[in-house]
1. Please list 173-185, 220-232 highest first by mean number of surrounding beta-carbon atoms within 10 Å per residue.
2. With label points built 7 Å along Cα→Cβ from the Cα atoms of L347 and N325, find their separation and express it in nm.
3. In nm, give the distance between the simple-model label positions of V159 and E80, each being 7 Å from the Cα along the Cα-to-Cβ direction.
4. What dipole magnitude, in Debye to the nearest 20, does the stretch 212-362 give about its Cα centre under +1 on Lys/Arg Cβ and -1 on Asp/Glu Cβ?
5. How large, in percent, is the carbon and sulfur part of the accessible surface of the stretch 122-230 at a probe radius of 1.4 Å?
6. Averaging the inverse of every distinct alpha carbon separation and then flipping it gives the Kirkwood radius. What is it for the stretch 78-169, in angstrom units?
7. Which value, in debye to the nearest 20, gives the size of the charge dipole of the stretch 103-215 about its Cα centre, when Lys and Arg are +1 and Asp and Glu are -1 at the Cβ?
8. Please give the length that would be gained between V263 and R64 if that part of the chain were fully extended, namely 0.36 nm times their separation in residues minus their C-alpha to C-alpha distance (nm, one decimal).
Amino acid sequence: MKLRRGDHESPRRFFGQTEKVSRHAKRALGALAVFTAFVAVVGAGAGTTRGPQLSLHWQAPTPRDGTAYAVKAGDELAFELASSGSTIRSRPLPAGVSFATTAGRATVSWTPTSKQVGEHVLTFVAQSGRSYTPPRSFSVYVLPEGPAAPHESFPLGGVNGMSRWAEVYLNVSARARPSARAKPIVRLRQYTPEGTANLVQTLNGQINANGEYWVRVRLPVLPNGTTGWVPRASLGPYNEIYTHLVIDRKLFTATLYKRGKAVFRTRVGVGKPYWPTPAGEFFVRERITGFSDLIYGPLAFGTNARSAVLTDWPGGGFIGIHGTNQPEILPGRVSHGCVRMPNSAVLRLSRLMSLGTPVTII
């Protein structure tokens, strides 16, 4: 059964688990659910990496968590960090960022290039022994030096954490370049494997030499991070949003930012080392409720992130963000790649996080 356009909820479905899956797929899903429950029980013991203590604090002049910066390509951005921890570390930083540390203090400076136009998330954490500060992330939007020249791409995001998404209105091939003659990468369809309206995060626009408007979008394929170009006419209206979810796999946290402020944080479970949660830039593609298996909790957000290990899952092994019926195993490395959080937390997140929200996993 197809959903009406704009309906992003599909009862009793999850990442390829539909009422119409094959008998073989149903058996595989049943075995997977049993094994997942077994892993969860075992994971509560010695096999699980428990979450570190977030007992340290950031100090002045550290910017507020979620602070949104805007800097023009070629200009310098600089700020200082200080904490009660003895060592300040960074998560992976964009090329060209200078990060200098001393005891309990750090200086960050960056002069982005024209090739780095768009949004970037810079995340830092301080540590003393086994104690840490909560991770602190900053959004940096790099502005172009000037208006785009004819037939050059232009960004579709904006300052203060603004991004755009659109529904796929027509089945279309995403291509390597903004041209109908370019190599096709994947076929995008109006509906996801779960039957929800398909959507994409829109990154750049470009008017090609033939006067055709093309849009660069994030794709739900391996390798993760793949983007492609689709005709603007194949997408619905742009939707502007100001939320961004950052998931830290080392500290087991998920933090939602909105317009330069942290509005939500919880501890989470992530994938085990042999079923890792992939790092990278993704987006929330769907919201699903009504599961028959309580292991997923009351609802789940589907993303475009893919598992590079469990690609034989029905539906292709997408990474979800969902609740759990075993909150006692959190935080830790407890899943097959999905991000789990307490049911109360995922319900609160659902009231704050929009479809299309960018997701940074570090």
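1. Taking the mean over residues of other Cβ atoms within 10 Å, the ranking is 220-232, 173-185.
2. My value for the distance between the label points is 1.6 nm.
3. 2.5 nm
4. 480 debye
5. 50 percent
6. Evaluated on the stretch 78-169, it is 15.3 Å.
7. I would put it at about 380 debye.
8. 70.4 nm
The values are calculated or read from the model by the stated rules, or taken from the named source; none is laboratory data. Just so you know, these numbers come straight off a predicted model, no measurement behind them. When we count neighbours, we look across all protein chains shown, and the Cβ atoms used for this are built from the backbone with ideal geometry, even at glycine. SASA here: full protein model, heavy atoms, side chains in, ligands and nucleic acids out. Shrake-Rupley method; radii C 1.70, N 1.55, O 1.52, S 1.80 Å.
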